[in-house]
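Nothing in this text is a laboratory measurement; each read-out follows from the coordinates by a stated rule. Keep in mind that this is a model prediction, so the values were computed, not measured. Glycine gets a Cβ as well: all are built from the backbone with ideal geometry, and neighbour counts include every protein chain shown.
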Amino acid sequence: MTRGFSIYLDLLRFGAAFVVLLSHFAYPRYSEGRWLWVRDLNLGSDAVIVFFVLSGLVIALVAERKRTGLRGFAFDRITRLVSVAFPALVIGFLLDRAGTWVARDAYSGWFHNPLPFWEHMLRGLTFSNEWGGMATRLGTNGPYWSLSYEAAFYGLFAVGFYMRGARRLALLALGAWVFGLNILLLMPAWLMGVWLYGRIASARLPEGKAALVLAVLPVLAYGCALGLDLPDRMQALTGPLDRAWNLRFSDEPIWNVLLSLMVVTHLTGMAGLLSERSLARSAPVAARLAGGSFSLYLLHYPVLQFLSSVLPGMEYPVLEDLIMLGAVLALCALFAQAFERPLALWRALAQHIWGKLEKAMLRQAIASD
């Protein structure tokens, strides 16, 4: 993977997170319908599919290059998720409770599911909030649903990558049963990212005009698909299944597969176009933005809901929108600085604590003998 392509992925990751923010800000309760076109085009849901493709690509790269085994893979993935998820869950819960106390009516709607703290944390930290038969919303944090999917994808990938034989088949079957149909319907998008990594690693990439066509054509095709209302047409085909099963965030499985193909095709072309020096000047900015994209994605909804509930309205709508978005971005950036960027520190702390626990358990075992 060239440096230029890596920089492009960083920019794309932040761009997708910002689109998700805009898709939620577009609700009339936040911006009085001024950004409703973002929701009409369903750009936020499409951005999550981009995330899934990028996630599959990155996880396949990490698993192939680091070669730390199943234990190392599990440690890296758990610490990556929990280091941001745990504080986001706590802060989101506190913001929801404070917002309800200040402006109860602002939290009276489908977008707020006031779970007790123990359930909020248990469902969030086990990432089981969208698994089969147990789906629930964690307070106002709607975007948290995708972490439940991500954790399931990581688990199934780890079984498939690190295990062999009957044990692998049995665990894959068990995982599919536990995670449920909704998770499995979106896994093709994630697996396409895994496939893309294999293509990049084998250096079988297009060059020149072929790469340019592959990079540009999917973008044009996506615009045409939105213009022709193709996502809604495809969603109608699976409407009976949705009504029977409640697909929730997986209610566009056909469109999501087609969109994933577009994303993978586009990224294949970009990988062929971008050299080591491509976008080099953008590297520091791209790395900075990408380093806070997870926090932006995961925390923006509770922050947005709280701020919209307590801040007074303004005479100039455009200024009001800019202040609101700027405040959300600033608070999420502070959160990222405290929790997302110091990942190495959190991992070192987790290793230290785990080492002490292992020694304590060993001493206990020796003493009991």
Item checked: Sites LEU311 and ALA348 - FRET efficiency at Förster radius 45 Å, r taken between beta-carbons, to 0.05 -> 0.70
Check: So what are the radius of gyration and Dmax for the Cα set of the chain, in Å?
Finding: 21.5, 75
Note to self: Need the full-extension length gain, ARG199 to THR136, defined as separation in residues times 0.36 nm minus the C-alpha distance. One decimal, nm.
What the structure shows: 19.0 nm
Margin query: If I take every Cα pair under 8 Å that is 6 or more residues apart in the chain, average their sequence separation and divide by the length, what percent do I get for the relative contact order?
Written below: 28
Item checked: Length released on extending from ALA283 to VAL257, taking residue separation times 0.36 nm less the Cα-Cα span -> 6.3 nm
Check: Which of the helices in the chain meet the span-like rule: DSSP H, Cα axial reach of 18 Å or more, Kyte-Doolittle mean at least 1.0?
Finding: 3-25, 43-66, 165-179, 181-201, 208-227, 253-273, 293-310, 317-335
Next item on the list: Within region 228-330, report the GluC sites (Glu not before Pro) that DSSP leaves as loop and that have at most 13 other Cβ atoms within 10 Å.
Entry: GLU276, GLU315
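What does the helix-only formula give at 222 nm for the chain: each DSSP H stretch with n ≥ 4 adding -39500 (n - 2.57), the total divided by the residues, and the result rounded to the nearest 500 deg cm²/dmol?
Estimated from H runs of four or more residues: -25500 deg cm²/dmol.
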Notebook entry, point to check: Which distance in Å, rounded to a whole number, links the C-alpha centroids of region 207-279 and region 111-183?
Noted result: 24
Checklist line | Kirkwood Rh, Cα atoms: Rg over Rh of region 1-119 | finding: 1.06
Check: In the chain, with Lys and Arg counted as +1 and Asp and Glu as -1 at Cβ, which of these residues, VAL178, LEU61, TRP37, has the Cα nearest the positive end of the dipole, that is, farthest along it?
Finding: LEU61
Item checked: Inter-label distance, nm, simple model (7 Å from Cα along the C-beta direction), ILE323/TRP177 -> 5.6
Note to self: If the reach is capped at under 14 angstrom between alpha carbons, list the aspartates and glutamates near LYS66, excluding any in the same chain fewer than eight residues apart.
What the structure shows: ASP76
